[in-house]
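Notes for the one structure printed next.
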Amino acid sequence: MSSSACAADQIAAEAALDGVYVIRTSVPQVQMSAPDTVRNYKALCEVERAFRSMKSIDLKIRPIHHRLPDRVRAHIFLCMLAY
């Protein structure tokens, strides 16, 4: 097979996946189905918008710098509860 035929095959294989994305999670399928996984992934934009709202001109929460993982998680959790 020539290199141009191989390249054409590769391009065709990649074109078949256009518009397709893969979401991988460590959550067992028993806990969250594939459609639920996709829905939750798409809902991340709402979480990101809320976080931007909290940290920007809407609520004017000043930056707080944490170094320990537990404190970072606690801070984010409290911000989400406040929102």
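Values in this text are rule-based calculations from the coordinates and carry no lab data. Since the structure is predicted, the reported quantities are computational estimates derived from the model, not experimental observations. Using ideal geometry, Cβ is built from the backbone for each residue, glycine included, and neighbour counts are taken over all protein chains shown.
List of remarks:
- The overall shape of the chain, judged from the alpha-carbon gyration tensor, is prolate: a/c is not under 1.5, and a/b is greater than b/c.
- Separation in nanometres of the label points that stand 7 Å from Cα toward Cβ, at ARG67 and LYS55: 2.0
- The angle separating the long axis of helix 3-16 from the principal Cα axis of greatest extent in the chain is about 40 degrees.
- Candidates LEU44, LEU17, LEU68, ranked by Gaussian network fluctuation over the chain, Cα under 10 Å, top entry: LEU17
- If the segment from ARG39 to ASP18 were pulled out straight at 0.36 nm per residue, it would be longer than the present Cα-Cα gap by 5.6 nm.
- Taking Cα atoms only, the orientation of helix 44-55 departs from the longest principal axis of the chain by about 30 degrees.
- Charges were assigned to the Cβ only: +1 to each Lys and Arg, -1 to each Asp and Glu. The resulting dipole of the chain about its Cα centre is roughly 720 debye.
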